[in-house]
Amino acid sequence: MSNVQPDIVLAKSINVYETHDERTDISDEHELIQISVRNLQTGFSVDPHSHLIRKPEKLDANEVWLVLSGQVEARIFDVDDTPVISLLLNVGDLIAFYTGGHSLQVLKSHTKFIEFKSGPYLGVVNDKRSF
């Protein structure tokens, strides 16, 4: 949570291997990127479908990391760029960044993670503000 604006969620983290419900929603319903961990049994199905095009209410760039191997440190920064917390992320840890800032430090060799971001991606110069 933001220290500057307590009603703002900066990031959420969960270990995907520690969820056991059929569906665990990570994101609040208003976030641009919606994340759920699904634990499903044989026979579960979803009817064929597509998603309706709609204009999002917020256009913040969201980013999600899922650690597959190794270890990283994620530092989370508030909306005013002040540090909030550092988290160690290990195999199976997922973190979603919603607002504020963040940084990455790889702590183990051969670290591999998947990064998801809202797009479009317009390159480093047009996509990032360093502080």
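The values are calculated or read from the model by the stated rules, or taken from the named source; none is laboratory data. Computed from a predicted structure; not experimentally measured. Cβ placement follows ideal geometry from the backbone for every residue including glycine, while neighbour counts extend to all protein chains displayed. Please note that ligands, DNA and RNA were not included when accessible areas were found on the heavy atoms of the full protein model with its side chains. Shrake-Rupley method; radii C 1.70, N 1.55, O 1.52, S 1.80 Å.
Tabulated data
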{"item": "Any chance L66 is in contact (Cβ under 8 Å) with a residue 60 or more places away in the chain, within 29 Å of I8 (Cα to Cα) and open to solvent by less than 90 Å² (accessible area, probe 1.4 Å)", "result": "no"}
{"item": "K108 touching a Gly at 6+ places or on another chain (Cβ under 8 Å) and among the basic types (K, R)", "result": "yes"}
{"item": "Cβ pairs under 6 Å, 6+ apart, first in the stretch 1-20 and among the charged types (D, E, K, R), second buried (at least 16 other Cβ atoms within 10 Å of the Cβ) and assigned to a loop (DSSP other than H, G, I, E, B)", "result": "K12/I26"}
{"item": "Residue ID - surrounded by the fewest Cβ atoms within 10 Å (Cβ to Cβ), chosen from residues in the stretch 69-94 that are hydrophobic (A, V, I, L, M, F, W, C) and more than 11 Å from Q105 (Cα to Cα)", "result": "I85"}
{"item": "Single condition D25 does not satisfy, out of (1) touching a Ser or Thr at 6+ places or on another chain (Cβ under 6 Å); (2) more than 22 Å from T111 (Cβ to Cβ); (3) touching a residue at least 12 places away in the same chain (Cβ under 8 Å); (4) surrounded by fewer than 17 Cβ atoms within 10 Å (Cβ to Cβ)", "result": "(3)"}
{"item": "Flag for L122 being open to solvent by 70 Å² or more (accessible area, probe 1.4 Å) and in contact with a strand residue (DSSP E or B) (Cβ under 6 Å, 6 or more places away or on another chain)", "result": "no"}
{"item": "Enumeration of residues in the stretch 1-22 that are open to solvent by less than 50 Å² (accessible area, probe 1.4 Å), within 13 Å of V64 (Cα to Cα) and small (G, A, S)", "result": "A11"}
{"item": "Pair list, Cβ < 8 Å and 6+ apart or interchain, from the stretch 40-63 residues that are closer than 26 Å to T19 by Cβ and open to solvent by less than 100 Å² (accessible area, probe 1.4 Å) to residues that are modelled with pLDDT of 90 or more and among the hydrophobic types (A, V, I, L, M, F, W, C)", "result": "N62/A96; N62/F97; E63/A96; E63/F97; E63/F116"}
